[in-house]
Amino acid sequence: MRWPPVKSWTSSLPIKGFRHFVAINYGGKGIDRWVILVAVLDGKASLRILWSEMNDGSKWSTGWLEVNRVNANSLVDKTRDDKTDTTIEDQTCLHPSEDSGLLVPTNIISPRPWNLKKK
């Protein structure tokens, strides 16, 4: 999958009770690339995912896919990192990337595509 990542993502399973996310930042190099996602329905629900995991089609899809009501969002407890005893939110940067398209005005001539589907 191409880098930088597209902005809209759908998780195959609910994460923190949500399935639809927006990529607000990204970084790293090689196998250490990562993406910070924020839930579409709750900007406080954020997570940092390794790019290699996001390329797993069984876990993530680009774009916002329609989800049937049975599999729709439901509230769950915040995910905890047992190694550091912190929530995922404590480990993420919520500043949007320069080319996210979320900064107005922007100096970027061609920000990332918003809602591209996998081919």
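Taken over region 27-57, the criterion of being aliphatic (A, V, I, L, M), part of a loop (DSSP other than H, G, I, E, B) and in contact with a Ser or Thr (Cβ under 9 Å, 6 or more places away or on another chain) is satisfied by V40 alone. Within region 58-82, the set of residues being modelled with pLDDT under 85, closer than 23 Å to N25 by Cβ and part of a loop (DSSP other than H, G, I, E, B) comprises N73, K78, T79.
The values are calculated or read from the model by the stated rules, or taken from the named source; none is laboratory data. Because the structure is a prediction, the values reported are computed rather than measured. Counting neighbours? That spans all protein chains shown, and the Cβs are built from the backbone with ideal geometry, glycine included.
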